[in-house]
Amino acid sequence: MNILILGSGGREHAIAWKLKQSKSAQQIFIAPGNAGTSAIGNNLNIGVSDFDAIADSIKKHSIGMLVVGPEAPLVEGIVDYFEERPEFSDVRIIGPAKYGAQLEGSKEFAKDFMIRNNVPTARFKSFTEKNIAAGYSFLESLKAPYVLKADGLAGGKGVLILNNLEEAKSELKAMLMDAKFGAASSSVVIEEYLDGIEMSVFVLTDGKNYQILPEAKDYKRIGEGDTGLNTGGMGAVSPVPFMNEVLQERIKTRVVEPSVKGLKEENINYKGFLFIGLMIVDNEPFVIEYNVRMGDPETEVVMPRIKSDLVEHLIACADGTLNESAIEFENNAATTIMLVAAGYPEAYEKGKEMKGFEQLGDCIAFHAGTKEINGKVLTDGGRILAVSALGENFKDALAKSYRNADRILYEGKYYRKDIGFDLMDY
Ligand code: AMP
Ligand code: GLY
């Protein structure tokens, strides 16, 4: 089967790398891809939201499976686009239809879904310009810190955590009245602050059955010690060393099962990855958010740990038979360190020549923001390279990731030196 993967990040490189290992995969195409994915398959110069061009490529390259990497095309309805066109009825598409993609596209939709389906989450209310006064009162009823979330997609920037009530009120006003995050903040969810440790759980679901993938923890802040601006993710670790049998069982029975049961009972057309962001408070899981795709850079630690054939699991997902075979993973650990551009997540330069790839050993370098020009690899994004490694435990894997992160050279290279710092005592 020929497979087309949409996206251009480390996530898509890691998915392409894993799918390529399958006996069922013939040609792999990536649109638009990067310098890393072009070594695995064929990059197609098409944007992830250009559905007509994607449709043409599916026909031209006899694609049997479309794997949607990022959320934007899902929220924009790419699955519906193809389901409405009978000539694509044989193409298996991995990703939810537009209605289900609101689990990521709208915080309010996601919170209402959690409440209806008894999925544990922080207490919340949502507000618009019309009832901003009630928003101020709700803030007064909570204790600091205050959590404000733009309802819509805001590129990972739409969540504010504020220590001071007056500041929280003025930010609420800026979001609702002054479009601080554009249309995404015309509605705002205010929720109770949860004080715990974060982790991410990944589920593959066909809307009725599910399989749980290896879990991970990512490091979202730019600065060491989890300080500074939020980024797409600066590193990740899988599994999380604080996992225990009780927590695992609670995640399965209290979070994953009711979430999938909710999809089924509400007849939500969902065949794809569900990424559940959790806050663990006293060994109890609470859902912070759903994403309707895999995480980045979490995918760069999850894929290397999956032992079984992912193409077969994706076929089962699209065909509604995910209950028939279990996803197997290795009893090892994986880490990834994200190399980024100077200035990221604010303004940064692109086009810096990268060197040192031939020095890499005992790691898997997933390209996140690179392009190849005349045989040279150039930086082409804020997040540039995810240096993943496997080990017996995460400390082992981390040492390999760091050894190799040092070997890659380009002007302005930055990476966090403390990934896993909070896990050392587990
Ligand atoms: P989100 O975009 O929903 O993932 O939120 C961004 C980040 O804000 C999360 O990764 C958490 O670190 C933090 N966060 C979100 N909601 C809460 C909450 N209710 N309590 C504490 N931290 C939160
Ligand atoms: N690493 C977080 C995300 O992919 O949303």
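The values are calculated or read from the model by the stated rules, or taken from the named source; none is laboratory data. This structure is a prediction, so every number in the text was calculated from the model and none was measured. Cβ placement follows ideal geometry from the backbone for every residue including glycine, while neighbour counts extend to all protein chains displayed. Note: accessible area is taken over every heavy atom of the protein model, side chains too, but ligands, DNA and RNA are not part of it. Shrake-Rupley method; radii C 1.70, N 1.55, O 1.52, S 1.80 Å.
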Consider only pairs whose beta carbons are under 8 Å apart and that are at least six residues apart or on different chains; among these, list those whose first residue lies in the range 193-210 and is open to solvent by 40 Å² or more (accessible area, probe 1.4 Å) and whose second residue is within 13 Å of ligand 1 (Cβ to nearest atom) and of a type in the set (Gly, Ala, Ser). TYR193/ALA122; TYR193/ALA144; GLU198/GLY277
The condition of being within 16 Å of ligand 2 (Cβ to nearest atom) and either touching a residue at least 60 places away in the same chain (Cβ under 8 Å) or basic (Lys, Arg) (or both) holds, among GLU300, GLU284, only for GLU300
Across the range 223-248, the tally of residues that are under 14 Å from ASP418 (Cβ atoms) and either open to solvent by 30 Å² or more (accessible area, probe 1.4 Å) or free of Cβ contacts under 8 Å to residues at least 40 places away in the same chain (or both) stands at 5
Residues located in the range 149-179, provided they are under 24 Å from the mean Cα position of the chain (by Cα) and either more than 14 Å from ligand 1 (Cβ to nearest atom) or within 23 Å of ALA72 (Cβ to Cβ) (or both): LYS149, ALA150, ASP151, GLY152, LEU153, ALA154, GLY155, GLY156, LYS157, GLY158, VAL159, LEU160
Filter result (under 18 Å from PRO32 (Cα atoms), touching a residue at least 60 places away in the same chain (Cβ under 8 Å) and open to solvent by less than 60 Å² (accessible area, probe 1.4 Å)) within the range 350-377: PHE366, HIS367, ALA368, GLY369, THR370, VAL377
Just a yes or no: is a residue in the range 157-171 surrounded by 22 or more Cβ atoms within 10 Å (Cβ to Cβ) and within 16 Å of ligand 2 (Cβ to nearest atom)? yes
Among the numbered criteria (1) open to solvent by less than 40 Å² (accessible area, probe 1.4 Å); (2) within 22 Å of GLY36 (Cα to Cα), which one does LEU322 miss? (2)
May I ask you to list the residues in the range 74-132 that are within 28 Å of HIS313 (Cβ to Cβ), within 16 Å of ligand 1 (Cβ to nearest atom) and free of Cβ contacts under 8 Å to residues at least 12 places away in the same chain? PHE109
Right, TYR290: within 11 Å of ligand 2 (Cβ to nearest atom), aromatic (Phe, Trp, Tyr) and at pLDDT 95 or above or not? yes
Kindly provide the set of residues from the range 187-232 that are acidic (Asp, Glu) and within 16 Å of ligand 2 (Cβ to nearest atom), ordered by number. GLU198, GLU215, ASP218, ASP226
Say whether the condition of being aliphatic (A, V, I, L, M), farther than 19 Å from LYS220 by Cα and open to solvent by less than 10 Å² (accessible area, probe 1.4 Å) is met by at least one residue in the range 393-408. yes
Look through ILE78, ILE94, ILE63 and report the one residue that is within 23 Å of GLY158 (Cβ to Cβ) and of a type in the set (A, V, I, L, M, F, W, C). ILE78
Could you list, in sequence order, the residues of the range 172-192 that are small (Gly, Ala, Ser) and open to solvent by 10 Å² or more (accessible area, probe 1.4 Å)? ALA174, ALA179, GLY182, ALA183, ALA184, SER186, SER187
Selection from the range 26-48 of residues open to solvent by 20 Å² or more (accessible area, probe 1.4 Å) and more than 16 Å from ligand 2 (Cβ to nearest atom) yields GLN26, GLN27, PRO32, SER38, ALA39, ILE40, ASN42, ASN43, LEU44, ASN45, ILE46, GLY47
Within the range 123-142, can one find any residue that is open to solvent by 30 Å² or more (accessible area, probe 1.4 Å) and under 23 Å from the mean Cα position of the chain (by Cα)? no
Only one of GLU84, GLU76 is within 22 Å of the chain's Cα centre (by Cα), open to solvent by 10 Å² or more (accessible area, probe 1.4 Å) and among the acidic types (Asp, Glu), namely GLU76
The listed residue being over 30 Å from PHE82 (Cα atoms), open to solvent by less than 20 Å² (accessible area, probe 1.4 Å) and within 19 Å of the chain's Cα centre (by Cα), out of ILE276, ILE306, ILE280: ILE280
Which of the numbered conditions does GLU108 fail, given that it passes all the others? Conditions: (1) surrounded by fewer than 18 Cβ atoms within 10 Å (Cβ to Cβ); (2) of a type outside the set (A, V, I, L, M); (3) in a helix (DSSP H, G or I). (1)
Given (1) surrounded by fewer than 20 Cβ atoms within 10 Å (Cβ to Cβ); (2) in a loop (DSSP other than H, G, I, E, B); (3) not aliphatic (A, V, I, L, M), GLY381 misses just (1)
